[in-house]
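The structure follows.
The values are calculated or read from the model by the stated rules, or taken from the named source; none is laboratory data. Note that the structure is a prediction, hence the values are computed from the model and not measured. Heads up, the Cβs are rebuilt from the backbone with ideal geometry, glycines too, and the neighbour counts pull from every protein chain shown. Each accessible area value is taken on the protein alone, full model and side chains, heavy atoms only, with ligands, DNA and RNA left out. Shrake-Rupley method; radii C 1.70, N 1.55, O 1.52, S 1.80 Å.
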Amino acid sequence: MAKETSQWSKDVKKAMIDKDMKVKQLAENIGYSIATVSSVIGGRYSNSSYEEIAGKINDVLGTKGMPERSGTPSDEWCQCVKIELVKRKMSVSQLAKELDISRDRLSLVINGRMMNEEIVASVCRLLDIKIPAIPPGSN
């Protein structure tokens, strides 16, 4: 199911169009990578600095408000994954190789810094994790 675009994200995209500005130019103006700026605008960035980045975007574009922070896996789920890795004597790199995904992306998910439902589902299947990454009613 596709995530609904927040009003802030729509306002930012419209302001970029009005100013004939690409994400690359915006990123250069505020001193962050294109990937980071794109993630903040798209509501996929969960790092605690998202408010600072959004504030800089607002300053450059004249927009107001803040993006909705995307959900992240629960501490309980992350801990369960780490325990299972220790039980299986498996490293994050080995798990990433088994799942055919980058170690960095996997690490962000299992450390509760980013939500990626495909990665979560794959980890749950491979490690036989039964608890949900986001408890029901918390989104």
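Restricting attention to region 12-30, which residues are assigned to a helix (DSSP H, G or I) and open to solvent by 60 Å² or more (accessible area, probe 1.4 Å)?
Listed by number, the residues that qualify are K13, K14, I17, D18, K24, Q25, E28, N29.
I need the full set of residues from region 32-61 which are more than 17 Å from the chain's Cα centre (by Cα) and either open to solvent by 60 Å² or more (accessible area, probe 1.4 Å) or modelled with pLDDT under 85 (or both), in order please.
Of all residues in region 32-61, those more than 17 Å from the chain's Cα centre (by Cα) come to 55-61.
The answer is K56, D59.
Listed residues I101, I119, I129; which is open to solvent by less than 70 Å² (accessible area, probe 1.4 Å) and farther than 27 Å from T36 by Cα? Give the derivation first.
On the way: I101 fails: farther than 27 Å from T36 by Cα; I119 fails: farther than 27 Å from T36 by Cα.
Unique residue meeting the criteria: I129.
A quick yes/no check of all residues on (1) farther than 30 Å from S9 by Cβ; (2) under 15 Å from the mean Cα position of the chain (by Cα); (3) not in a loop (DSSP other than H, G, I, E, B):
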| residue | (1), (2), (3) |
| --- | --- |
| P73 | no, yes, no |
| Q79 | yes, no, yes |
| I83 | yes, no, yes |
| V86 | yes, no, yes |
| K89 | yes, no, no |
| A96 | no, no, yes |
| V109 | no, yes, yes |
| V123 | no, no, yes |
| I129 | yes, no, no |
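Related question: Being modelled with pLDDT under 90, exposed (fewer than 13 other Cβ atoms within 10 Å of the Cβ), touching a helix residue (DSSP H, G or I) at 6+ places or on another chain (Cβ under 9 Å) and not basic (K, R) is true for just one of P67, P135. Which residue is that?
After ruling out the rest, the residue left standing is P135.
Please enumerate the residues belonging to region 88-119 that are touching a residue at least 24 places away in the same chain (Cβ under 8 Å) and of a type outside the set (D, E).
The first filter runs over region 88-119 and keeps only residues touching a residue at least 24 places away in the same chain (Cβ under 8 Å), leaving 88, 95, 98-99, 109-115.
Of everything in region 88-119, those that are touching a residue at least 24 places away in the same chain (Cβ under 8 Å) and of a type outside the set (D, E) turn out to be R88, L95, L99, V109, I110, N111, G112, R113, M114, M115.
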